[in-house]
1. Give the peptides A:10-20, B:220-230 in descending order of average Cβ contacts within 10 Å, highest first.
2. Using the Karplus equation 6.51 cos²θ - 1.76 cosθ + 1.60 (θ = phi - 60°), what ³J(HN,Hα) coupling, rounded to whole Hz, does each residue of segment B:142-150 give in order, writing x for Gly and Pro?
3. On C-alpha positions alone, give me the angle between the axis of helix A:274-285 and the longest principal axis of chain A, in degrees, nearest 10.
4. What average number of partner chain Cβ atoms lie no more than 10 Å from the Cβ of the residues making up A:306-315?
5. Accessible area per residue for the protein assembly as shown in Å², computed with a 1.4 Å probe and the full protein assembly in place, what is it?
6. Can you give the average number of partner chain beta-carbon atoms within 10 Å of each beta-carbon in peptide A:33-44, as a whole number?
7. Quick one: label points 7 angstrom along Cα→Cβ at B:Thr366, distances to the other copies in nm, smallest first?
8. So, in chain B, how many Lys pairs have Cα atoms under 24 Å apart, if the pair is 8 or more places apart or on different chains?
Number of protein chains: 2
Amino acid sequence: MSITQPKGFRAAGVACGLKDNALDFALVVNDGPSTTAAAVTTSNRIYAAPVRWTREAVVDGNLRAVALNSGGANACTGEEGYADAVATAHLVASAITAAPADVAVCSTGLIGERLNMRAIRSGVGMAVEALSPEGGEEAARAIMTTDTRPKTAAVTRKGWSLGGMAKGAGMLAPQLATMLVVLTTDARIEPEIAAETLREAVEFSFNRLDSDGCMSTNDTVLLLCSGASGITPEPHEFEVALEELCHDLARQLIADAEGAAHDITITVTHAASQAAGVAVARAVSRSNLLKAAVFGKDPNWGRVLSSIGTVPQWLAPFQPDDVDVSINGVMVCKGGAAHESRDKVDMSGREVEILIDLKAGEEKATLLTNDLTYDYVTENSAYSS
Amino acid sequence: MSITQPKGFRAAGVACGLKDNALDFALVVNDGPSTTAAAVTTSNRIYAAPVRWTREAVVDGNLRAVALNSGGANACTGEEGYADAVATAHLVASAITAAPADVAVCSTGLIGERLNMRAIRSGVGMAVEALSPEGGEEAARAIMTTDTRPKTAAVTRKGWSLGGMAKGAGMLAPQLATMLVVLTTDARIEPEIAAETLREAVEFSFNRLDSDGCMSTNDTVLLLCSGASGITPEPHEFEVALEELCHDLARQLIADAEGAAHDITITVTHAASQAAGVAVARAVSRSNLLKAAVFGKDPNWGRVLSSIGTVPQWLAPFQPDDVDVSINGVMVCKGGAAHESRDKVDMSGREVEILIDLKAGEEKATLLTNDLTYDYVTENSAYSS
């Protein structure tokens, strides 16, 4: 149930000294026969050196390997930092006999500090030695930062499969955020189909997570296709399977978000458009007041409404007096005013469902977020990332 | 040093039972000779009943009185709630012999519950009895919610003066947020000048506060001009004095923001436009990660840069590699990369200054925010507002 579940992949996770006594370097190798690949990277204008390199590497739709490290983001490190990312790709390429331009690089950790390249060099050596078709779990552990557990998933179809790993515990935000994801498949996929399907799947899964509204400089989602099953699925079949995989990983990410005590699912129904639904859900997911209320098990629908009202009319047309809000199945607000008693709402469980009916169209959008807790403040005031 | 400092005003603050044993109803009366008035209200599409009423009342540029209550926002209360706001204005108008359309109403507190109109009726009666040219301080106390202290200010010029009171401790955000402000002056001011000057002063003071990014349904800033000094200042002179007053109150608001341990001043220099500078400062002020880092006294400039990078190019043109960031006078980031050591930054005091040089133009914008603390989570998870 990891990136090495599909045929044609080997992986490893090792401890090279970027962190103290912890796995911190991962390598994933696609042994083919196909090397089709696609990537979606952060939309932050300030992006890390490995993102700059990886965008170039994946332009031709092919990758042989991905090197990933925790213990340092290699972001805001200037031309020297970029040279470090390039050097990492060259080291891997030479060790596995590939072209450097077929090696993607991903980093996560503190912004603004150079990577310890001695550690990286030793990490490449150790990881190449350790590469194995059973190495997916170790690789998933090596990319963790404040994650409390590795995230892996797999989806199996007749004769072919998909595997994945992800890390990211804070800074989960729109357009991605300190999220590193590697997805693998042994299906035979054309580069154009890979790129298009990945973009779509990311849009409806990872881009619908909004943990703390912060967007990272390093986010990268990679899809590697080995073709080792010899099977070419229908594009739609592949799309459905990839979305299933991405949703599984996205749920694991939000469930392990920094310091969260509640997982909040915000669903907007009867929106005038997808964009309108997402904008309304996003505004609600960004309300620190609401998120603190959920932590306090307070079904404070007033904070839902005051967030909804910040979305401009042109983006999300609706009538304030039409809006219904249900929290965990109790319609606490109907037609923009109080309805059923707040006291009926049970928020003792981890899952909180906020359902917003805009009565303005036919579209439906769902976003995942979490509450704002003491532990969030602790982790992010004490941990320099 | 309050709203009753300028001549021509009486005020009162009383306890009418909306809250337990606390001042909760305030009345401000302009005895003229002029009743010039202007207002700026929330830009939230979901606005409270008193906001709806006050917008109508001030349309003609005249107000005789303002009734303000804490202990209930009268927002999301439907037509019944609107009738309550109208009834409040009528009660005051009849007690002071004025037209109801010359009485503004402001409310703050929990969203979604009807006001106790029995309490309001008794509040109007008590407040009219208590009206006094020394009542400004009591009025300022009566509008407090989670504020830990009343906020009042005054500005004196030769022969005329300005006074003000404000409340608002959370939900301070762009375009205002659970912020109620009443400004008074005994200068003679034309309605058009009052409206224009107020709009401008609010833009550069209250709209440059961003405590927690949440926007309220009830924000209202009112300016009442009695003309009792007989002096008509130059428009520019009035503008400067009004801005001085608004800045004073804005600083008091952010300094008392819910649970804050640090006041953060974000200044963006060499921006291509005011809008660009404000957008960059706003993005930084919205980063929970940065705000938690400041609480932890961590000069985490990487979180400043990753926030800056989320502002779209069309809104704020700049080159990521040009950006300098100084924290409390130490240039920790130069040209988009690490510069002076983080260790040199002293964050032990309450004031934190973040200076961002975009090197993209000639404009400068400043925004005030605060850090994200355990106390913020406590207040907003325990207090239903």
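1. On the way: A:10-20: 21.5, B:220-230: 24.4.
Highest to lowest by the protection proxy: B:220-230, A:10-20.
2. Once θ is set to phi - 60°, the couplings for segment B:142-150 become 6, 9, 5, 10, 8, 3, 8, 8, x Hz.
3. Result, in degrees: 80.
4. Numbers: counts 19, 5, 3, 11, 14, 3, 2, 1, 0, 0.
Mean partner-chain Cβ count within 10 Å for A:306-315: 6.
5. Numbers: 26200 Å² over 770 residues.
Solvent-accessible surface per residue comes out at 34 Å².
6. Values: counts 0, 0, 0, 0, 0, 0, 0, 0, 0, 3, 3, 8.
For this peptide, the per-residue mean of nearby foreign Cβ atoms is 1.
7. Once sorted, the set of distances for B:Thr366 reads 4.8 nm.
8. Close lysine pairs under the 24 Å cut-off: 15.
The values are calculated or read from the model by the stated rules, or taken from the named source; none is laboratory data. Not measured: the values here are computed from a predicted model. Backbone-built Cβ (ideal geometry, glycine too); neighbour counts: all protein chains shown. Surface accessibility is based on the protein's heavy atoms, side chains included, excluding ligands, DNA and RNA. Shrake-Rupley method; radii C 1.70, N 1.55, O 1.52, S 1.80 Å.
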